[in-house]
1. With a cut-off of 8 Å between alpha carbons and a minimum separation of six or more residues, what is the relative contact order of the chain in percent?
2. Return the equivalent ellipsoid semi-axes of the range 2-172 as a descending list in whole Å, where each equals the square root of 5 times an eigenvalue of the C-alpha gyration tensor.
3. Can you grab the distance from the C-alpha centre of the range 23-50 to the C-alpha centre of the range 109-139, Å, no decimals?
4. For the chain, set up a GNM with springs between Cα atoms under 10 Å and report which of 85, 144, 53 has the largest fluctuation.
5. Under the rule of -39500 (n - 2.57) per DSSP H run of 4 or more residues, summed and divided by the residues of the chain, what mean residue ellipticity at 222 nm is obtained, to the nearest 500 deg cm²/dmol?
6. Can you tell me the orientation of helix 117-126 relative to the chain, as the angle in degrees between its alpha-carbon axis and the longest Cα principal axis, to the nearest 10?
7. Stretch residue 166-residue 65 to full length: gain in nm at 0.36 nm per residue minus the Cα-Cα span?
8. Enumerate the residues in the range 19-44 having an amide nitrogen under 13 Å from the point lying 7 Å beyond the Cα of residue 81 toward its Cβ.
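Please treat every number below as a calculation from the coordinates, not as lab data. Note that the structure is a prediction, hence the values are computed from the model and not measured. All Cβ positions, even for glycine, are placed from backbone atoms using ideal geometry, and neighbour counts span all protein chains on display.
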Ligand SMILES: Cc1cc2nc3c(=O)[nH]c(=O)nc-3n(C[C@H](O)[C@H](O)[C@H](O)COP(=O)(O)O)c2cc1C
């Protein structure tokens, strides 16, 4: 198996989950931002795992990233990393190929915590990658009712991501 884990991440939570999934996958695996995951780099991959944060119950948009740039939205008011393209754009530009796929997002454990991983999996499917797992959500802290944007990963989520990586590797074996 040659695996690539690709992420969009403004404040590092989704990137940390991507690293943990890769640790679980083991073997020949690369972790890349959407800026690094060019067609040439991912061409040989037999498994693509892609993830992004949930923004407004969907994948991040230009508008949601612009809001984030405004400041005060990330953990401790940290500035977002907007140096890499949106997962939406990466998926749109993804060339037809074949292989296996899985998708994840980071979200608040609340009514508004959904809508990103399923869209990523559909995008991978459209490009020819066959899903081997249900979309997975990993939790950041946040208010259960009032939408919040400054979450950090909840306890145990890194370990859960690693276990999911191990499960994906077993499925690929
Ligand atoms: C503009 C904006 C909108 C957001 N909307 C949602 C949302 O609808 N549901 C949710 O669960 N989290 C929402 N969040 C919180 C993000 O999911 C959280 O910031 C993200 O998981 C952090 O991941 P990152 O550090 O990789 O960017 C939003 C965050 C921002 C900045």
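1. Dividing the mean separation by the residue count of the chain yields 28 percent.
2. Each semi-axis is the square root of five times an eigenvalue, giving 25, 17, 14 Å.
3. Each part reduced to its Cα centre gives a spacing of 17 Å.
4. The residue that fluctuates most here is 144.
5. -9500 deg cm²/dmol
6. It works out to around 30 degrees.
7. Stretched out fully, the residue 166 to residue 65 stretch lengthens by 33.2 nm.
8. 19-20, 31-37
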